[in-house]
Amino acid sequence: MAVRTTELVIIGAGPAGICAALEAASHGVKTTLVDRGEELGGQLIKQTHKFFGWHKKSAGTRGVLIAKKLAEEVLNNENITLLNSTEALGYYDDGTLLVETPRGIDRVLGDRLIVATGASERMLLFPGNDLPGVYGAGAVQTLMNVHGVRPGDSVLMIGSGNIGLIVSYQLLQAGVRVAAVVEAMPTIGGYAVHASKIRRLGVPIMTRHTIKEAYGKEQVEGAVIWELDENWNGIPGTEKDLEVDVVCLAIGLTPLAELLWQCGAEMAYIPELGGFVPLYDETMETTRKGVFVAGDVAGIEEASTAMAAGRMAGLSAARSLGKVSDLDYSRLRNEIAGELEGLRSGPASAKILSGIAKMRAMLQSVKEAAAVSEAEPANQPANQPADQPANRPAKQAASEPAKEGDLAEAGARDSEAQGNNGSKSEEAVGA
Amino acid sequence: MSTLVTTGVPSAQDIAGVTPPEERRARGPYATIECFQPIPCDPCHHSCRFGAIQEFEDINDIPKMDWSKCTGCALCVAACPGLAIFVVDETYSETECLIAMPYEFVPLPEKGQPVKLTDRAGIVVADGIVQRVVAGRKPAGTPVVWVSAPKRLATVVRGFILRKEG
Amino acid sequence: METGRSSCKTRIEDHPILDFPARKEVTFTWEGQELRGYEGEPIAAALHAAGIKVLHTSHKSKRPRGFFCAIGNCSSCLVVVNGVPNVRACTEKLREGMRVQRQEGTGPAPRSRE
Ligand SMILES: Cc1cc2nc3c(=O)[nH]c(=O)nc-3n(C[C@H](O)[C@H](O)[C@H](O)COP(=O)(O)OP(=O)(O)OC[C@H]3O[C@@H](n4cnc5c(N)ncnc54)[C@H](O)[C@@H]3O)c2cc1C
Ligand code: SF4
Ligand code: SF4
Ligand code: FES
């Protein structure tokens, strides 16, 4: 087992992790960047569309090209060591990170850790959801935009958030038919411009509709959708049978926070942020000292905010290693904080902001409790719903409870009513 | 609730709000920005060399046109990541108008090619002809295709489909 | 046509944004049947391109399973490669001459592969 020592370890080379690495490295911090994928860029390597945001940042640039540019900067930076195709398995009290490389298990010893592992996709319960042909939106994107393979001939998209809308558009670009986008909520979840774009191409977007079942002998041969009433129950008689060979799930993301659970950072269930998230302060540090977070793992947001938050985490880590002068620190910190604030100033960010406020309040009470009983260090996850075991096993992120009134919940009720035969979340996720 | 958020198709009222007055429409090509929600995005403003898309005070502002400055150059059409901008020229001919649309599909049509014109719901409404193709550099650019359409459909046509070969 | 491209319609030949460079074709077997795919692509991509979606059967209910996440998260795509079970088809790279088989049941935990 090889041992590598470094000043800062960053897990995840998506926009958050890369920007954290570049920021830290710019202050002379020896940084090791770990990603289980081969290519650098996280979600960005699958995004063929042009991003929103500030013109002077990367707005109007396609995700794949942002990834390329960031990757080049990483590869040309001598303070950054890249460990790609390497999965982080666990982080231990002595500061050891266990990683699985293509050659075997290694140890990485770092003084600081930034977790930027992104998110995983939510599963929806419905009969037939385990059939081959039922794919997550990320899988569809990986298959078609990274590997150049069409997922099928005709797709039913579940969920009209930005991901569902954008992946529908990408499917059309790859020459795949999109039979419909169904959305349980009364209104479209994503931005109207994305919705209008696929609507113009003739894809119906059906609000207050969900999937009733996917069927097929060995793989998806069709799917039945139906309308929902005010109580999220399917309305008998409204069923429509669609001839599709792929059902694509785009019902939301949830932070991929296994490593944070495992290393004992305080976690809390905050629906506005996408599920269980670590408690962290303005510097992006968690309750586990020296462990920072950034990006979707800290709350599901956007690449633009992930990049800014990544820089903040990188700056804080560099600062705590004594590499940044007071003057530089306050200047950079204000600059990044201002950028984040600007990005989050619109109505679309109201949810995120209220989630962060909630999280900060919890962090405050945890800190106060810790100050009161110093003898009893706070190592229990804060504010857990009663039915959550204190130490949840890793690899459960995908079966996170869905937020209220959410598509996932509507779907879960459907399948409860009809008996849930062999749900994927039960077998596949707990592996 | 606007049909925009229930079906993805903007309402007649939405469209009226982004269409210039009659006299401006009669004067030459103009951009129409079908971007109705406050989203954190501003490249349209920066893409216009003529200052026709007003400066944003806040990144979430809804773009506002100054049609007196718009030349109909369609640079903004290719720049908008939401593919929400179109240029319409109702002075093209007695009976026809020209409409510039972003088109990120293969194959790109060729000049002179007949197409089926579609509305904002993707429904075929008329026949048209491709008049100009500005290819845009792959992979960064967005091609812009200009089609001629019946003049009465100047505010209706917002897409096209290539006729299937064979 | 260009060399090194299979003619299967599930392969994207022409894309408005992306280019998929021609790669080296290799031969492998699926359940004894000879197939072709590109060297270095995930086994699951090569199988999918050949129209094969069922990769294993669940051990409880013997229901067919394909891939789901495509990034090594969910273990829904386990196959047997050259006799070794529990290989994730979505991340394992295709090599010349690989013998790939459908996996029955889940077998031991994925990490036991060496
Ligand atoms: C379809 C779609 C469209 C989007 N469109 C936009 C858009 O237009 N504009 C915008 O701003 N945002 C957009 N986003 C959101 C944006 O992509 C994400 O918010 C952003 O990528 C989050 O960055 P991240 O670095 O936190 O996570 P990710 O990009 O998910 O990166 C996380 C990385 O961590 C790695 N990783 C995870 N676990 C481990 C482990 N245990 N060991 C090693 N490595 C690990 C993963 O391999 C991955 O590379 C879109 C997302 C999707 C899915
Ligand atoms: S068409 Fe040209 S002049 Fe008019 S708003 Fe667009 S970029 Fe500006
Ligand atoms: S660039 Fe396009 S999507 Fe962005 S604000 Fe302008 S019109 Fe809207
Ligand atoms: S498809 Fe999820 S691990 Fe392979």
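The values are calculated or read from the model by the stated rules, or taken from the named source; none is laboratory data. Since we're looking at a predicted model, the values are computed, not measured. Note that each Cβ is placed from the backbone with ideal geometry, even for glycine, and that neighbours are counted across all protein chains shown. With ligands, DNA and RNA removed, areas are computed over all heavy atoms of the protein, side chains included. Shrake-Rupley method; radii C 1.70, N 1.55, O 1.52, S 1.80 Å.
When each of A:Thr142, A:Thr101 is tested for being of a type in the set (Val, Ile, Thr) and either without any contact (Cβ under 8 Å) to a residue 12 or more places away in the chain or not assigned by TED's automatic domain parsing to the domain that holds A:Gly322 (or both), the lone residue that passes is A:Thr142.
Taken together, the residues in region B:22-51 that are without any contact (Cβ under 8 Å) to a residue 24 or more places away in the chain and either in contact with a Phe, Trp or Tyr (Cβ under 7 Å, 6 or more places away or on another chain) or in a loop (DSSP other than H, G, I, E, B) (or both) amount to 5. Every listed requirement among (1) acidic (Asp, Glu); (2) away from every other protein chain (no Cβ under 14 Å); (3) within 23 Å of A:Pro278 (Cα to Cα) is met by A:Asp35 save one, (2).
State whether one or more residues within region A:293-305 are more than 17 Å from A:Tyr91 (Cβ to Cβ), surrounded by fewer than 17 Cβ atoms within 10 Å (Cβ to Cβ) and more than 16 Å from ligand 2 (Cβ to nearest atom). No - not one qualifying residue is present in region A:293-305. The number of residues in region A:35-46 being farther than 11 Å from A:Thr142 by Cβ and surrounded by fewer than 23 Cβ atoms within 10 Å (Cβ to Cβ) comes to 2.
Against the criterion of being within 12 Å of chain A (Cβ to nearest Cβ) and open to solvent by 20 Å² or more (accessible area, probe 1.4 Å), B:Arg163 does not qualify. The one condition from (1) more than 7 Å from chain A (Cβ to nearest Cβ); (2) more than 16 Å from ligand 1 (Cβ to nearest atom); (3) in a loop (DSSP other than H, G, I, E, B) that C:Ala44 does not meet is (3). Here region A:1-32 is the region considered, the condition is being within 15 Å of the chain's Cα centre (by Cα) and within 14 Å of chain C (Cβ to nearest Cβ), and the residue that is farthest from ligand 2 (Cβ to nearest atom) is A:Gly12.
Contact annotation: residue pairs with Cβ atoms under 6 Å, 6 or more positions apart or on different chains, pairing a residue in region A:45-66 that is under 18 Å from B:Phe56 (Cα atoms) and within 7 Å of another protein chain (Cβ to nearest Cβ) with a partner that is open to solvent by 30 Å² or more (accessible area, probe 1.4 Å) and part of a helix (DSSP H, G or I), are A:Gly53/A:Ser304; A:His55/B:His46. Within region B:37-52, none of the residues are modelled with pLDDT of 95 or more, among the acidic types (Asp, Glu) and more than 8 Å from ligand 2 (Cβ to nearest atom). Filtered by the rule that a residue be more than 23 Å from A:Leu22 (Cβ to Cβ) and small (Gly, Ala, Ser), region A:258-299 gives A:Gly264, A:Ala265, A:Ala268, A:Gly274, A:Gly275.
Total residues in region B:42-89 satisfying the condition of being open to solvent by 10 Å² or more (accessible area, probe 1.4 Å), within 19 Å of B:Arg158 (Cβ to Cβ) and among the β-branched types (Val, Ile, Thr): the figure is 1. You will find that of A:Gly37, A:Gly17, the residue that is assigned to a loop (DSSP other than H, G, I, E, B) and touching a helix residue (DSSP H, G or I) at 6+ places or on another chain (Cβ under 9 Å) is A:Gly37 and no other.
For the structure I just gave you, tell me whether C:Thr91 is outside any strand (DSSP E or B) and out of contact with any Leu (no Cβ under 6 Å at 6 or more places or on another chain). For C:Thr91, the condition - outside any strand (DSSP E or B) and out of contact with any Leu (no Cβ under 6 Å at 6 or more places or on another chain) - is met.
Does A:Ala59 satisfy the criteria of being under 21 Å from the mean Cα position of the chain (by Cα), among the small types (Gly, Ala, Ser) and outside any loop (DSSP other than H, G, I, E, B)? Criteria not met by A:Ala59.
You will find that of B:Val106, B:Val134, the residue that is open to solvent by 50 Å² or more (accessible area, probe 1.4 Å), more than 26 Å from B:Gly8 (Cα to Cα) and away from ligand 1 (no atom under 16 Å from the Cβ) is B:Val134 and no other. For the residues B:Tyr92, B:Tyr30, the requirement of being crowded, with 16+ Cβ neighbours inside 10 Å, more than 16 Å from ligand 4 (Cβ to nearest atom), within 11 Å of the chain's Cα centre (by Cα) and more than 24 Å from A:Glu301 (Cα to Cα) singles out B:Tyr30.
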